[in-house]
Structure formats: C-alpha cells, structure tokens
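Quick note: the coordinates plus some simple rules give every number you see, no bench work behind them. Here the structure is a predicted model, which means the values were calculated and not measured. Using ideal geometry, Cβ is built from the backbone for each residue, glycine included, and neighbour counts are taken over all protein chains shown.
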Amino acid sequence: MVGAAQVRDAIAAAFDDDLGPLQDTALHLYAFQRTFALRADKPVVIEIAGRPKSVLSTLSAASGVPYKVLNAMVDAEDGASSTETCMDAMNQGRDAINPAMLGDETNVVVFVGPSVATADATALVDALAHDTATPALTALFAVGGVDVSFLCGAIVQAASKQLVVVVDGYVAAAAALCARRLAPAATAHAIYVPSMPLSPLTAALAADGAVLCLPSLSRASIRGVDGLAMATLLHHAAHLVSTLGIASRDNKAEIHDAKVSSAMHVPYVDPTLPAPPELRIFLTSVMFLTRLPAYLVIPDLDHNVRELVPSFCYFPVIGWAVGGFAGLFFIVGCVLFDSTALAVIGSTFASVWLTGCFHEDGVADTFDSFGGGWSKNDILRIMKDSRLGTYGCTGLLLMTTLKFAALDQIASVSGTASVCTALVAAHVLGRYSSLFILQFFPYVEDERDPKGPLYNGIGNNLHLLTPARVHTATLFTAASMVLCLGLPLGLCVFSVGLLVSYLAGQYFAGFLGGVIGDCLGCANQVVEVVVYLCIIFVRTRGASVLV
C-alpha cells in the first residue's frame with residue numbers, strides 16, 4: 001500500500017533537502033486526499049467575536065485571505081446560557097457556513113477563537129477529556145456556552161461539506177474537540193493548530209486517533225496568525241502533492257510512520273471481517289423497527305452498524321409480524337363491537353404501538369421539512385427539529401385518515417378477511433421499500449442529528465447489505481404479495497409499490513442528493529397506503545383479469 005515513504009521519496013527526488021513543516025503537511029494532506037476529495041487553495045478565516053476592524057483588515061491584506069467576523073446573536077437571560085440558547089447558537093454557526101458567507105470556491109475554513117482559555121471552554125474540555133460517559137452534546141449544552149456552541153456548529157457543518165478545517169485558539173479548539181465527538185465521520189480530516197500548549201486539550205484531541213495536531217507554526221502572539229500559516233502551508237502542500245502526481249486511493253486513509261499523528265480512522269467496516277451471528281442480525285432488526293424487548297434474548301444487543309445494516313433484509317419479515325398483529329386486533333374489534341370502523345381504529349392503534357410510531361414520525365418530519373424548507377440545509381434543519389409544524393400535523397392527519405378510509409372500503413368491497421391480508425401485504429411491502437430505495441439512492445449524512453454517528457454509519461456501510469440478502473428479501477416480499485393477494489393482484493401491487501418507492505426516492509434525492517431516515521419512514525407509509533388503494537382500484541373497477 002502506498003504510504004508516507006512514497007511521498008517522501010517523491011519529495012526527495014524533486015528537492016535536494018527536507019522541506020520541514022511543508023513536507024509533514026504534504027504527508028498529511030495526502031492522507032486526507034486518499035479518502036476525501038479535498039482541495040486546499042481557497043481559504044477563508046472566520047473569527048468569533050471581534051477585534052478592531054483595522055487589525056483584521058491588516059491581517060487580511062497581508063495574507064491575501066478574506067477575513068469574516070461572526071457573532072452568535074442569541075438572547076440569553078442575565079447573560080446565562082441554557083440548552084435552548086446553546087442550541088440556537090449551534091444552529092446559527094451551522095447556517096453561517098454557506099456560499100454567501102464563504103464564496104463558491106472556498107475549500108479551507110480557518111476558525112479563530114480567543115487564545116486564552118475561557119471558563120466555558122475549559123469546563124467543556126475537562127468534561128470531554130475526563131468524563132467520556134457523558135454525551136458530547138449534553139456536555140456542550142451544560143457547560144460549553146454560546147460562543148463554543150456557535151463554533152461547534154460551524155465546524156461540524158464545514159467539515160460535513162468536506163472543507164478543510166483549520167482551528168486556531170483555545171476556544172476554537174475546544175469547539176473542535178466537541179465537534180469531533182459529535183461528528184467523527186465528518187471531522188476526520190480536520191486540522192488543529194494550537195497556538196499555545198493546550199493540555200489536556202491537545203492530549204484529548206490526539207487520543208481520538210483521527211485528528212492531526214500540529215505544533216504552533218509561528219512564535220507570534222497574535223491569534224489567527226498560526227491559522228493563516230497553516231492555510232498557506234496547505235496551499236503549497238496541495239500544489240506539491242498535485243505536482244508530484246501521487247495517486248489517491250479511496251478508503252485507505254492511513255499514513256504509516258508519519259511524524260505527527262496516528263492513523264486516521266474512517267467509519268468503514270471491512271466486508272471481509274467475519275459476519276456477526278445471524279440471530280444477532282435478526283434481533284437487531286426487531287429492536288430497530290419495533291418496541292419488542294429483543295435485549296431479553298441477547299442483553300448486549302445494540303444498534304451496531306455491523307449488525308444493523310445487514311438486518312435490513314429482515315424488514316419484510318418484521319412487516320409480517322406488524323401486519324399480522326394489526327390484523328389480529330382488527331378481527332378482535334369486529335367480533336367485540338361488530339363495527340368495521342372501530343376495528344380499523346383498533347388495528348391502527350396496535351400497529352403504531354408495536355412500532356412506537358417509528359414510521360409516522362418520518363411522515364411528520366418529512367412533510368414539515370419539505371413543506372417548509374427551500375434548500376437542502378433548511379430541509380435537514382427542520383427535519384431534526386423536535387417540534388411539530390403545520391405541514392407535519394396536516395400530513396400525518398391526512399395519511400392516517402386515508403389509511404382508515406381505504407381499509408374501511410376494502411372491508412366493504414371484499415369482506416373483513418381481505419382487510420387482514422391487505423394489512424400484512426401493505427406492512428411487508430412498506431418495509432421492503434426502505435431496502436429497495438437504498439439500492440438506487442445514497443444515504444445522506446447529516447451530522448447535525450444527535451443520532452448522526454449511527455445513521456451516517458449506515459450510509460458508509462451499505463456494502464454490508466450484500467446482494468444475496470437483497471435478493472432473498474425481494475423474493476420473500478414478492479412471494480408474500482402473491483400469498484396474501486393472489487398471483488395477478490399480488491404481482492400488480494408489488495410492481496406498483498416498487499414504482500412508487502423509486503419515485504419517492506427520486507423526489508427526495510432531487511432536494512437532498514439522496515435519502516435520509518425520515519424520508520424512508522415516509523416512503524414506508526406512502527407505499528402502505530398505495531397497497532390499499534391498488535387493492536380497492538382493482539376490485540372495484542372491473543379489472544377481472546387481476547382478481
């Protein structure tokens with residue numbers, strides 16, 4: 001495997017002497033470029049709070065690098081920060097990283113914060129370095145403060161856009177440490193430039209094993225200078241690596257015998273590793289899609305990506321269980337109350353209880369975000385807002401009403417037994433739609449989501465969902481449609497469901513460049529309703545060839 005030695009040999013062949021910091025920077029930039037398509041020739045400096053404009057203008061003019069000064073415009077009562085104000089500041093920092101602020105060609109963002117350790121930054125560093133059990137987001141909101149939260153959101157957003165991130169100053173480095181814990185996938189290529197000894201911060205950053213910590217590149221005491229020096233080095237290093245013509249290779253981001261940093265970690269599971277036991281994979285699917293206590297069978301069961309991604313092939317099997325459970329409640333409702341309407345409501349209650357409203361939550365979030373968002377950034381921001389808006393409320397109400405009306409109509413047209421088979425068919429095909437969509441559209445990473453590390457792990461490791469698993473799930477789903485609805489109608493419903501799934505994925509990808517978990521949940525519910533409507537259409541419009 002090509003490593004640091006080849007880079008050094010190429011440099012030695014082109015130059016007569018060791019290039020010092022430039023050589024080390026080139027080595028690490030090469031490591032980044034083996035996984036990330038990074039460029040490093042268009043930097044922008046972003047500083048939190050403000051020094052006099054004259055000082056910034058002088059620095060900008062001397063370096064030729066644009067300077068931007070940002071402040072977190074958050075209202076805090078009595079100057080105190082709270083979870084809400086920190087969240088607002090984090091969102092503002094994230095939203096600040098946009099083309100209007102940075103420019104369309106920017107590929108390096110230098111974040112500059114005060115060099116002197118503040119109380120908030122120190123408390124956050126101590127919490128992250130010594131209390132690893134506390135989630136990073138909890139620590140940030142508890143002790144981080146507004147400025148650190150603002151920078152943390154901005155760093156995560158910049159890194160998720162695969163901009164090279166350079167951090168200078170204690171406060172910015174504290175925010176970077178928190179960003180690293182929140183979004184390891186996005187920040188794997190960040191560069192941290194401490195302008196003074198920052199123990200335990202430097203040690204905590206280095207302990208992650210996936211960040212590059214460089215010593216101060218300048219003896220100047222003016223904060224921002226080290227960051228500018230790093231940006232300049234990156235520019236020259238990028239030119240050097242490009243000139244040497246060293247080939248890049250994907251998913252091998254590792255520099256052997258590099259002087260400064262340990263190997264970078266990429267959240268990618270090697271497919272050649274032994275697969276987990278199949279029982280664990282199946283029970284992970286049960287735990288993921290239902291509220292059944294799968295942990296009673298295997299106590300240490302968790303949403304491990306090595307078990308979660310291959311478990312997608314069992315989604316149609318879970319659909320059988322949920323549909324059968326709902327059908328049982330429908331029959332009980334009919335027997336007890338002699339009312340189709342009450343039985344349909346009872347079956348709906350049963351299914352949402354068993355799944356914990358997992359897919360209905362996706363409907364609400366998707367309607368809210370796509371209804372109220374005008375851009376990818378807006379859509380993702382609204383999607384992760386825990387509050388329910390007008391679009392989400394209306395969409396969920398209409399979707400539930402449509403289900404109720406369709407099932408009631410099936411009972412009127414074909415009898416109560418047909419409702420039970422329709423429920424099973426709809427729940428099976430609805431859950432298969434997630435598996436189907438992921439065969440055509442990428443899973444979008446969203447590091448602003450507190451569950452981002454889990455769900456982004458899905459997108460990075462879809463290779464674990466092997467063709468054999470996909471084909472088995474497809475055959476199982478098609479056979480289920482035929483078993484529940486008969487050969488002609490079953491194949492018709494199966495085909496229409498796949499078409500609707502693909503169109504839904506195409507719609508989501510048109511805005512987001514791929515799909516996300518809430519989109520898959522919404523598609524699940526749409527396909528479920530489409531199954532009911534197909535059954536009604538075929539059985540009421542005289543399509544005798546399919547009956």
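Observations, loosely collected:
- Full extension of the chain segment joining Val470 with Ser339 gains 43.2 nm, where the gain is 0.36 nm per residue of separation less the Cα-Cα distance.
- Cα-projected label distance for Thr122 with Val413, points at 7 Å along beta-carbon direction, nm: 7.2 nm
- The modelled label-to-label distance between Thr138 and His303, using points 7 Å beyond Cα along the C-beta direction, is 1.6 nm.
- Euclidean distance between Cα centres, the stretch 353-371 to the stretch 384-433, Å: 12 Å
- Net charge contributed by nearby residues that have their C-beta within less than 13 Å of Val526 (K/R +1, D/E -1): -1
- Efficiency of FRET from Cβ geometry, Leu491 and Asn377, R₀ 30 Å, rounded to 0.05: 0.15
- Counted charge near Val146, where neighbours are those whose Cβ lies closer than 9 Å (Asp, Glu -1; Lys, Arg +1): -3
- Inter-probe distance in nm under a simple model that places probes 7 Å from Cα toward Cβ, at Val332 and Thr83: 3.5 nm
- Computed over the stretch 284-546, Kirkwood Rh from alpha-carbon pairs, angstrom: 18.8 Å
- Converting phi to 3J(HN,Hα) with the Karplus coefficients 6.51, -1.76 and 1.60 and the offset θ = phi - 60°, the stretch 498-510 yields 5, 4, 5, 4, 5, 5, 5, x, 5, 5, 4, 5, x Hz in sequence order, with x at every glycine or proline.
- Look at Thr138, Thr400 and count the other Cβ atoms within 10 Å of each Cβ; fewest to most, that gives Thr138, Thr400.
- Footprinting exposure proxy ranking of Tyr170, Tyr507, Tyr432, fewest other C-beta atoms within 10 angstrom first, gives Tyr507, Tyr170, Tyr432.
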